[in-house]
Amino acid sequence: MQLTAYIEGIGLLGPGLTDWPTSRPILCAQQVYQPSRTVLPSPAWLPAAERRRSGAIVKLTLATGLEAIAAAGLNPAELPSVFSSSGGDGDNCHAICEMLASDDRQISPTRFHSSVHNTAAGYWSIATGAMTTASVLCAYDASFGAGLLEALAQVAADDTRTVLLACDTAYPQPLFSTRPIPDAFGMALVLAPRGSERSLAQITVDLTHASADRLDDPALESLRTAIPAARGLPMLRSIALAQDDLAQDDLAQHDHLGQQRYVVLDYLDGTRLAVSVAPC
């Protein structure tokens, strides 16, 4: 069964990608992609005590989620959420392993509570005041696809907007040698059941056995394959290109969808996600 939703806001932060507006021309190959370390902003929405305790996954989630919701002109406290990460906070996991390998094996309460997979969801609730439902999932390298399907299913079943927050952070050595995620990357999508004046694109997702699409730029393709949350980059590229086509054809004044684009995203070993993208 196909799942359809309308994207009303996008948040993006990763190596060489500072936000959605400045990343669009890069994904459209109008500007050269220049990889650089991800800079995580301070989580200003958090109270001072929680701000000091927040780790990379919390900062990344807040940065991308709030960007997407602000772009959609919505209140983050009112949106149900789906959090998807292949492994949570790599730095915190490393620190706990160091403590367990030392003579003093006492783990600090802050480290312990930051080790659970729903840490980002908890801090999101504190920052935004959201009391809505929050789903937190992990599917290893398939985490982005699983999160997208979960968010789309909630939009369809509950007939309500939902924000998807897909994020991954780096693992230091020696964990990096086993799980080589090189840097932090996050993506957020505000999904709605119906089109509106806020809508950027309509997406329809189905399962397929076709091969996943690759990105033409070798550096962006390396990013896509290195970080599970970045598996959604080909879809963002299609959205950026579709919006660019719409602007060039001067179709923005018309009340209909523009030309559709199709892309296949990595998901499970034998199953991938076929996504059709139409600009609004």
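The values are calculated or read from the model by the stated rules, or taken from the named source; none is laboratory data. Quick caveat: nothing in here was measured; it's all calculated off a predicted structure. Please note: Cβ atoms are built from the backbone with ideal geometry, for glycine as well, and neighbour counts cover all protein chains shown. With ligands, DNA and RNA removed, areas are computed over all heavy atoms of the protein, side chains included. Shrake-Rupley method; radii C 1.70, N 1.55, O 1.52, S 1.80 Å.
Brief remarks follow.
- Residues satisfying the stated conditions in the stretch 61-81, i.e. farther than 11 Å from Trp124 by Cα and among the aliphatic types (A, V, I, L, M): Ala68, Ile69, Ala70, Ala71, Ala72, Leu74, Leu79
- Taking helices (runs of 4 or more DSSP H) as the structural unit, those lying wholly within the stretch 107-164 and holding at least 1 residues that are at pLDDT 95 or above correspond to 119-128, 143-158.
- Hits in the stretch 16-55 (condition: part of a helix (DSSP H, G or I), touching a helix residue (DSSP H, G or I) at 6+ places or on another chain (Cβ under 6 Å) and within 29 Å of Ser222 (Cβ to Cβ)): Arg24, Leu27
Conditions (1) touching a residue at least 24 places away in the same chain (Cβ under 8 Å); (2) under 17 Å from the mean Cα position of the chain (by Cα); (3) open to solvent by 50 Å² or more (accessible area, probe 1.4 Å), marked per residue:
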site	(1), (2), (3)
Gln2	yes, no, yes
Gly11	yes, yes, no
Pro15	yes, yes, no
Ala29	yes, no, yes
Glu50	yes, no, no
Glu78	yes, no, yes
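- Members of the stretch 173-209 found to be touching a residue at least 24 places away in the same chain (Cβ under 8 Å), closer than 30 Å to Asp159 by Cα and not in a strand (DSSP E or B), listed by number: Pro193, Arg194, Gly195, Ser196, Arg198, Ser199, Leu200, His209
- Condition met for Ala170 (buried (at least 18 other Cβ atoms within 10 Å of the Cβ), of a type in the set (Gly, Ala, Ser), touching a residue at least 12 places away in the same chain (Cβ under 8 Å) and part of a loop (DSSP other than H, G, I, E, B)): yes
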